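The values are calculated or read from the model by the stated rules, or taken from the named source; none is laboratory data. Bear in mind that the values here come from a model prediction, so they are computed numbers and not experimental data. For neighbour counting, all protein chains shown are included, and Cβ atoms are generated from backbone atoms with ideal geometry for every residue, glycine included.
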Ligand SMILES: *Cc1c(COP(=O)(O)O)cnc(C)c1O
């Protein structure tokens, strides 16, 4: 039996446990943690039923009304699932165009180098979005390109890339789209009947609010069927995992049973909250309350509002000489909030996540904690250096 829980209760974490304002691992509900307090036999019918329910629920979140897609979970962190998707769905003679604007796009290129798959890239730097016209140009210029991959929310800056616009141009040009929707799926719409793609990947510890331990691929069944024999890796072969799971109801190799049990509770909570729509509403509110409060303290966001995701927000470090990020981090942690260092190359920044078991009340406390931390450091305004604002001015509106 999985634990019972009440919908939309935001229980404080256990005594002494900080809120994780990080985009996975993130703060989970007490009932999600509680689901891990028993052991499951991986072969047993009860666990096989849990795996089946999980796959079915994920397909529902993906809006697969016509049953054209299937869901294949795979052990490991999100990067394992990305590697599995690339290795399984890219035939050895394919060529993929990578739309890069941050660390996760870079990781995809690194993975393709390991896999020995031909690729080219459009690199937009730290935080500019790839747009349809430049994708069209790149595809026209190179007929060898068979696939395109885009990162849905590039978690390193928090930018929400225009996936719908990119999908349209990719298929208009007769190519195929793969999506890394790791940090967006379950909150930002990626319904298969609205946005066309061959396969997407996400993981347990992002917007569904489970704990880390596996990722999952949602792919067109025809694409799964055609993928036999593509993969370089035995354990990362999505086709083989799919075929075995459909035949036996089991995972190939030991599944993360406790993580799956926790994830199932998280999925039921996701549904009770109104699915992706309900979750998006809460995360958007979290972001708006937090960003408005931080701006009142003088902080500035890296991105203009048009590109801000409801997942995670990057702020410039204040210019004030007494501001020091590691001190700020420690002061925030002492108040119960773990924030995230920035990942930009040009200017210093930090990030605050909006996802996880938190609501606007918590976000107000985050802002209050930031205000107190600044005061303790002797920083009277959080305004960024002029160079940071110059950098932002390069962003097209
Ligand atoms: C979290 C994340 C990943 C996977 O990272 P892991 O650390 O391997 O879980 C991949 N892409 C994006 C966009 C992510 O946010």
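Of the helices (runs of 4 or more DSSP H) lying entirely inside the stretch 293-397, the ones with 1 or more residues being touching a strand residue (DSSP E or B) at 6+ places or on another chain (Cβ under 7 Å) and at pLDDT 95 or above are found at 325-334, 360-377.
Please go through the stretch 200-227 and give me each residue that is under 20 Å from residue 35 (Cβ atoms) and part of a strand (DSSP E or B), ordered by number.
202, 203, 214, 215, 216
Taking the residues in the stretch 9-55 that are closer than 20 Å to residue 187 by Cβ and more than 16 Å from the ligand (Cβ to nearest atom) as candidates, determine which candidate is modelled with the lowest pLDDT. Checking each candidate, the answer is 9.
Return yes when residue 119 is within 14 Å of the ligand (Cβ to nearest atom), within 23 Å of residue 224 (Cβ to Cβ), in contact with a helix residue (DSSP H, G or I) (Cβ under 6 Å, 6 or more places away or on another chain) and at pLDDT 95 or above and no when it is not. The answer is no for residue 119. None of 59, 128, 99 is over 20 Å from residue 227 (Cα atoms), in contact (Cβ under 8 Å) with a residue 60 or more places away in the chain, away from the ligand (no atom under 16 Å from the Cβ) and under 20 Å from the mean Cα position of the chain (by Cα) except 128. Have a look at 176, 221, 194 and point out the one that is in contact with a helix residue (DSSP H, G or I) (Cβ under 8 Å, 6 or more places away or on another chain) and either within 23 Å of residue 21 (Cα to Cα) or surrounded by fewer than 20 Cβ atoms within 10 Å (Cβ to Cβ) (or both). One residue alone meets the criteria, 194. Contact map, the stretch 351-367: first residue under 19 Å from residue 32 (Cα atoms), second residue assigned to a helix (DSSP H, G or I), Cβ cut-off under 7 Å, separation 6 or more or different chains; pairs are 354/283; 354/286; 354/287; 354/290; 355/283; 358/286; 359/282; 359/286. Checked against the criterion of being surrounded by 17 or more Cβ atoms within 10 Å (Cβ to Cβ), in the same structural domain as residue 309 (by TED's automatic domain parsing) and farther than 30 Å from residue 208 by Cβ, the stretch 356-372 has no qualifying residue.
For the stretch 62-85, the candidate set comprises residues that are within 18 Å of residue 225 (Cα to Cα) and surrounded by fewer than 20 Cβ atoms within 10 Å (Cβ to Cβ); within that set, the residue that is nearest to the ligand (Cβ to nearest atom) is 68.
Within the stretch 262-284, identify whether any single residue is within 25 Å of residue 372 (Cα to Cα) and either in contact with a helix residue (DSSP H, G or I) (Cβ under 8 Å, 6 or more places away or on another chain) or in a helix (DSSP H, G or I) (or both), and answer yes or no. Scanning the stretch 262-284, I find at least one residue that is within 25 Å of residue 372 (Cα to Cα) and either in contact with a helix residue (DSSP H, G or I) (Cβ under 8 Å, 6 or more places away or on another chain) or in a helix (DSSP H, G or I) (or both), so the answer is yes.
Conditions (1) more than 25 Å from residue 59 (Cβ to Cβ); (2) within 16 Å of the ligand (Cβ to nearest atom), marked per residue:
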| residue | (1), (2) |
| --- | --- |
| 132 | yes, no |
| 135 | yes, no |
| 138 | yes, no |
| 143 | yes, no |
| 149 | no, yes |
| 160 | no, yes |
| 164 | no, no |
| 188 | no, yes |
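On the stretch given as the stretch 166-186, residues that are closer than 23 Å to residue 313 by Cβ and either more than 16 Å from the ligand (Cβ to nearest atom) or in a helix (DSSP H, G or I) (or both) total 1.
If you go through the stretch 228-242 and keep only what is assigned to a helix (DSSP H, G or I) and over 24 Å from the mean Cα position of the chain (by Cα), you end up with just 240.
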